[in-house]
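Reviewing the structure listed below.
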DNA sequence: GAGGCTTATTTTTAGGCGCGAACTAACCTC
DNA sequence: GAGGTTAGTTCGCGCCTAAAAATAAGCCTC
């Protein structure tokens, strides 16, 4: 409600941003189409796109013949104006990916990690960034930014600080550390669930929704909430700790120490834990992923009961989000969420319907996620792109040339 | 992220809005103070305030001598530029209040209601509005808008529609009905918890916070969530149904039909219900308010256990909000919330601390509400004011003269 | 009590911006 | 190649804010 004052320069910046965003999200468009879809006059659309073409942000992308008139020239964001890097810092390894501005993946590097300690992780990130650049021949000066998705919450001050209880990170100044390890482009550190949510919003099942909840079920559970097209962060970027909301007051003890957290019931670890307790036949699976697969396909009564209960808890948890946020879309993602959802989406939806209020439930569509295994990295790479689009790539603010 | 295009007219509108909002919220200010606090140049602050003075939106409010220079002339929002009406539609009666633009209460009317049926309610609202106007001699043409706080959720389309399961309202076109009952000024229908939250944000314990959660415990429980200074509404204005989030999976059946809702544990009705079950000595109190008072002051073991448990459930519920929204402030309000909080705030805070994650909890301050019993009406009256401030009282858009 | 000093506000000037109208460009059909 | 049609550009206008200059309105000192 309380906005900041604005000047004519802000006007231009905003309209540049609007045009650039329209072109980025809705592919090649002619100047007149742009004018129609943004509401700007043809004159203004023309002068601004002219400016953006001069600056190298846009390129022409062929033309479309029309029935009897001058053909339209299609414009698009120049894929090689700059590049972006997305990094997924996981508990077992680091994935670094390089994209051009059309979000085409140019290079990928996977680096295994023995112990997720901040020092070595920062070094590996820097090494990975260098590797993807040299592998694809992209000069470092062309990189608009490096996005980093991390487990745990990210506090954004002058320099991002990471808190991740589960891997023992307490107030780790990761942004500074990565910078000191030799990464020069602007850094964007963000919680992995939020970067993955961003990927679903731009390229996956969240496309087009203004109010959406992206539920991520992996070993634990997390959520990214988008309201009014904006990712929800809260006062200190700690928002969205859905996994540790109480759903069974006085229930099972969670690894965070509290009783009855959703994560103690609905994550892969919790499901497998409850299964181990229920059936003493001991899964032989080597890792969580195949263990969950085994649990989900098992026909034993114990397995089926665990799965059924988990579906119930997850549905209730989703219903809580539906009641609180009233989204138009819920996207179920994360490796465990996709595995569970592939077989049980109907029943998850039914459990949600059972626990949610009729009215908000009637507004929502619940879908499976549609981004691949590198969603965290893709989402991380969108962060510098989002920054570029939001500022309208204002040439007056400091920016590295393309 | 995706904004709309803007023109020079939007610029002016926005800067008018910024100045007007600064004056409304931070009392009388001189032109130069305005310039400093908004970031606008002194010249612009001067021309815009000149315009607003001409239009009657502002008045001079004395001057302050300075040490050796020209004294500053203080400006303020003209209290009699227009008036606003706030209506609280409750389950037992309707309260109508008239304010000037300085939010000074000019007149109040309380109308008892036998059965909350939409038709009679609309008629009563219209009658109440007419009464407060004639009582204070304010002409109807001076009323900028009438805000109406209602139980249940409000769907805002071309005309607001109310859903309130608890009182049997299903898709009631209240806005149209009130209009047809003879209320002419613009109508602003909103959920009562949200209007009360708005009152706390502007005049109560929420002042100054950009991310806040206003928890309302009455007969049932509700919440208003403010993120980034904006009241959270969701896709169809149904957001914030905290009372029916599951906190005890499979627990007590709630009046909404689902098991384990927070409202089945933490509202006054739930507390009294559990008390009746626990202690068969039967309260003799004539109404809920005094019954709760009795419960809270009773020294019986049963009463103390019920209160203690309720504090735990409420704390867990608040912790869920803290984890999900990461607010800087939690305000506990509502008649039952204030009664409970007056004696047990420490223990509610402790219960919240116990259930919330360390980090988001460390950012939050939990306080008692500071608005009086007419908070819903005051908050409702702020709705037209907020609309006025947001549009910058643009004289080009249709508006009734002051 | 006149001149100088200080601070507040208004006026003037300059640089931008988006829009609408008029204009040019590039194609098609007959 | 004339006429028609659609796409894109140019130009003048009205508005906007910022910066600089001018004016207003007090206080202080000698």
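We did not get these values from a lab; they are worked out from the coordinates using the rules stated. Predicted model, so just to flag it, every value in this text is computed and none were measured. Glycine gets a Cβ as well: all are built from the backbone with ideal geometry, and neighbour counts include every protein chain shown.
Going by neighbour counts of Cβ atoms within 10 Å, the residues B:254, B:261 line up, fewest first, as B:254, B:261. Residue B:80 label point (Cα plus 7 Å toward Cβ) to equivalent points in the other copies: 7.2 nm, shortest first. Note on A:353-361: average number of Cβ atoms from other chains within 10 Å of each residue's Cβ is 6. Placing a label point 7 Å from the Cα of residue A:26 along the Cα-to-Cβ direction, the distances to the matching points in the other copies come to 3.9 nm, shortest first. Take the alpha carbon atoms of the stretch A:342-393, find their center, do the same for the stretch A:159-195, and report the distance between the two centers in whole angstrom. The stretch A:342-393 and the stretch A:159-195 have Cα centres spaced 24 Å from each other.
Working from Cα pairs under 8 Å separated by at least six residues, relative contact order for the stretch B:205-370 is 26 percent. Helix A:268-278 axis versus longest C-alpha principal axis of chain A: approximately 10°, rounded to the nearest ten. Between the helical axis of A:301-325 and the longest alpha-carbon principal axis of chain A there is an angle of about 40 degrees.
Our summary gives the stretch A:270-340 a relative contact order of 30 percent, counting only alpha carbon pairs under 8 angstrom and 6 or more residues apart. Quick one: angle between helix B:8-25 and the longest Cα principal axis of chain B, in degrees between 0 and 90, rounded to 10, please. Tilt relative to chain B: about 60 degrees. Look at the alpha carbon pairs under 8 Å that are at least 6 residues apart: their mean separation over the length of chain A gives a relative contact order of 18 percent.
By other beta-carbon atoms within 10 Å, ranking B:300, B:122 with the fewest at the front produces B:300, B:122. Relative to the other identical copies, residue A:113 shows label-point distances of 5.6 nm, where the label point lies 7 Å from Cα along the Cβ direction and values run shortest first.
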